[in-house]
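Input: a single structure, listed below in structure tokens.
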Amino acid sequence: MRSSKALCLLLCALLALSLFAACGKAEKGETASTDAPASESAPAADPTETAKGTADAKDAKDKTGESAASTAAAESKEANEDKKETTDMEHTKVQFTMENGDTFTMELYPEYAPQTVENFVKLVKSGYYSGTKFHRIYPGFMAQGGEGADTPSIKGEFASNGFSQNTLSHTRGVVSMARANAKDSASSQFFICYDDATFLDGDYAAFGKVIDGMKTVDDFCRIARVSNGFDRVATSPVEDIVIAKAEIV
């Protein structure tokens, strides 16, 4: 009886030890599980929000691009309109009728020499050139005319005088202002190039071109000439080459 009681107590003791060990093992395992991948426990990004943010960013970029393109287009249109106004609307044409009835027409380019063109147009409208002569004919170089009563001098619109805007080259048919040694001494006299005279570029104010009737100007060379004591060749016509009238057309 005593042995049975002792055996019973022993079995109870062994059972208690077994339950204690199992409980301790479970607690240890739970602790290890919660400590493990902490980074993996962070919530994943909501794909809907991500897509919405991407769409918003794209939309904003598209709108920015559209705005920039619209601004660039507007600026380009404005620049083209300004250019058209300068090159088309302000390209005054002047027809010269010589005393013998021959004519030639020049086109004026204010984008290269605005003050020069303004002065020239004013003289034409006033009738200044009617009755003036081409007094210097230099074959292969130029024909010079417009000498008359004193007129106010104007600024020399060419590079060596600080006016870089004038890039019109002295080629055949181009019209330019004659002047004395002083760079701001041009007034009414002008010359028309017979051939390319690019060595004058940057030192004389080219401002237009003969666009019709260059043969009339070429025919000035048919008239005999004598020396004027200035040029290396005879350049003073023995017959007057008179401008009957100059008018805006």
**Item:** Under-5 Å amide H pairs with Met142, H placed in peptide plane, nonlocal only
**Value:** Tyr194
**Complete:** Taking the dipole of the range 114-237 about the Cα centre (Lys, Arg +1; Asp, Glu -1; charges at Cβ), the one of Phe141, Ala206, Thr216 that reaches farthest to the positive side is Thr216
**Complete:** Sorted by chain and then number, the residues having a modelled amide H within less than 5 Å of the amide H of Ala186, at least 5 places away or on another chain, are Ile154, Ala180
**Prompt:** What is the set of long-range amide H partners of Asp201 at a cut-off below 5 Å, with H atoms built 1.01 Å from backbone N?
**Reply:** His170
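Note the full-extension length gain between Asp203 and Lys245 as 0.36 nm times their separation in residues minus their Cα-Cα distance, in nm to one decimal.
Numbers: separation 42, 0.36 × 42 = 15.12 nm, distance 2.90 nm.
Extending this stretch completely gives an extra 12.2 nm.
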**Item:** Calculated from backbone phi, Karplus (6.51, -1.76, 1.60) coupling profile of the range 150-165 in Hz, x at Gly/Pro
**Value:** 4, 10, x, 7, 10, 5, x, 8, 8, 4, 5, 10, x, 10, 6, 4
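Using the 10 angstrom Cβ neighbour count as an exposure proxy, how do Glu107, Glu157 rank, fewest first? Don't jump to the answer; show the numbers that get you there.
Working: Glu107 15, Glu157 26.
In order of increasing Cβ crowding within 10 Å: Glu107, Glu157.
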**Asked** Quick one: Karplus J couplings for the range 233-249, per residue in order, coefficients 6.51, -1.76, 1.60, θ = phi - 60°, nearest Hz, x for Gly and Pro?
**Response** 10, 5, 10, 9, x, 7, 10, 5, 10, 9, 8, 6, 6, 10, 8, 6, 10
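Order these by the 10 Å Cβ neighbour count, fewest first: Phe141, Phe120. Working shown, then result.
Values: Phe141 17, Phe120 27.
Listed from fewest to most nearby Cβ atoms, that is Phe141, Phe120.
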**Fill in**
Residue by residue through the range 172-178, the couplings from Karplus 6.51 cos²θ - 1.76 cosθ + 1.60 with θ = phi - 60°, in Hz, x for Gly and Pro, are 3, x, 6, 9, 9, 8, 7
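Treating the beta-carbon of each Lys and Arg as +1 and of each Asp and Glu as -1, no other charges, what is the dipole magnitude of the range 89-248 about its Cα centre, to the nearest 20 debye? Numbers along the way, then the final one.
Values: 15 positive and 21 negative charges, 36 e Å.
With Lys and Arg at +1 and Asp and Glu at -1, about 180 debye.
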**Request:** Order by neighbour count: Arg172, Arg136, Arg232, fewest other Cβ atoms within 10 Å first, most last.
**Result:** Arg232, Arg172, Arg136
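Here, each number is a calculation from the coordinates, and none is a lab measurement. Since the model is a prediction, treat every value here as computed from it, not as a measurement. As a convention, Cβ positions derive from the backbone with ideal geometry for all residues, glycine included, and neighbour counts pool all protein chains shown.
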